[in-house]
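Okay, structure first, notes after.
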Amino acid sequence: MSGYWARRTGSALLVLGLVLVLNFVLFRMMPGDPVASIIDPNFSPEAKARLSEVYGLDQSLPVQFLRYVRSTLTFDFGISFLTGRPVMEELKSRLPNTVVLLGTSLVLSSLLGTWLGMKAARKRGSLLEKCVLWSGALSFSFPSFFVQLVLLMAFAAALPLFPLRGTLSVPPPAEGLPLLLDYLWHMALPVFSLVLLGFGGWALYVRNLMVKILGEDFILLARARGLPERNIILGHAFRTLLPPLLTIFLLSLPGIVSGAVITETVFSLHGVGRFLLEAVTGHDYPAAGASFFLLALLTVSCNLLSDLLYGLTDPRVRMERGGGR
């Protein structure tokens, strides 16, 4: 086991090292001049030189790279070109909104999809199974921005049940319960759109895997022993289903974070995804590099954690790794 985890950790560190290099190189190969976004053409030569020195743009590329690696590894991402504020402060102010949006939608879509998938697997050929299959297929058929724009037109423009944009009203209500309710009102439609787009994939995956599990010999043996169907489903089938579900849940986190770019842009939310889009389009090297590095760090961490949890929940994996196979 120790050798396995040493190899996995080494691979993760190698991936993060490659991300550091690619973040530095790719953003500087993009067309456009980042200096133009932070330095006004009407500035005096002395002011332009001073701003270039502050942002480190007057240094050679090797020196910029060494400063970039040192600051990234210490989570000191520098000053944003566009906002003039420290990148870490920008991320801290936006991260709670992204966590609420993505965490809530992922938990709700996974729970709803798992429940529907298990129900569909138990009732083969029923109307419920057909509805699950069709809803799962439809959720993959439409792009997310199209569904979200339709929801905005229907429930924010035509029927003003939800706000059109933002995370809070302008001006925001006073602190306390009114502020919390206003925040939940603004986040309800974005969360609903992500649940609507995400539960179908979970339902299809769980349904297909559950059908296979219910046909295994240990399930047939449990039924032959006369065990209640509830005990068979929860005590035997669901325990077999749990390890791959945990793996898919953890591996879904990085993909959902990258998908927040579209959702937060459509609904004009103050989140990390929208900040990433603005950083890339505005040639904001510190902000874009920090966002992509944290996304890579989340991806690698979720992969390692999924391996660990899979081994803890499935004894067969522990035995195979322990035997060196």
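The values are calculated or read from the model by the stated rules, or taken from the named source; none is laboratory data. Remember, it's a predicted structure, so these values are computed and weren't measured experimentally. For neighbour counting, all protein chains shown are included, and Cβ atoms are generated from backbone atoms with ideal geometry for every residue, glycine included. Just so you know, the surface numbers come from the protein's heavy atoms only, side chains and all, with ligands and any DNA or RNA stripped out. Shrake-Rupley method; radii C 1.70, N 1.55, O 1.52, S 1.80 Å.
Using a ≥ b ≥ c from the Cα gyration tensor of the chain (square roots of the eigenvalues), is it rounded, prolate or oblate, where a/c under 1.5 gives rounded and otherwise the larger of a/b and b/c decides, a/b for prolate?
Oblate is the answer for the chain, as a/c is 1.5 or above yet b/c matches or exceeds a/b.
Could you please put CYS302, CYS131 in sequence from largest to smallest accessible area, using a 1.4 Å probe?
Highest to lowest solvent-accessible surface, that is CYS131, CYS302.
With springs only between Cα atoms under 10 Å apart, run a GNM on the chain and tell me which of ALA224, ALA237, ALA121 wobbles the most.
Result: ALA224 has the largest fluctuation of those listed.
Within the chain, which is the longest segment that contains none of the chymotrypsin sites (Phe, Trp or Tyr not before Pro) sitting in a DSSP loop with at most 15 other Cβ atoms within 10 Å?
The longest uninterrupted stretch comes out as 76-325.
Over the chain, with a Gaussian network built from C-alpha contacts below 10 Å, which listed residue (ARG165, ARG230, ARG28) shows the highest mean-square fluctuation?
So, out of ARG165, ARG230, ARG28, the one fluctuating most is ARG230.
Between region 199-213 and region 131-185, what is the separation of their alpha carbon centroids in Å?
So the two Cα centres are separated by 27 Å.
Calculate what fraction, in whole %, of the accessible area of region 155-241 sits on carbon and sulfur atoms when a 1.4 Å probe is rolled over the protein chains.
On region 155-241, the fraction of accessible area on carbon and sulfur atoms equals 67 percent.
What's the carbon and sulfur percent of region 58-113's accessible surface, probe 1.4 angstrom, rounded to a whole number?
Answer for region 58-113 is 69 percent, counting heavy atoms of protein chains only.
Find the relative contact order for the chain and round it to a whole percent, using C-alpha pairs within less than 8 Å whose residues are 6+ positions apart.
Computed value for the chain: 27 percent relative contact order.
For the chain, set up a GNM with springs between Cα atoms under 10 Å and report which of THR240, THR299, THR98 has the largest fluctuation.
Per the Cα network of the chain with a 10 Å cutoff, THR240 tops the list.
Counting only heavy atoms of protein chains, what accessible area per residue, in Å², does region 183-273 have with a probe of 1.4 Å?
I get 45 Å² per residue for this part.
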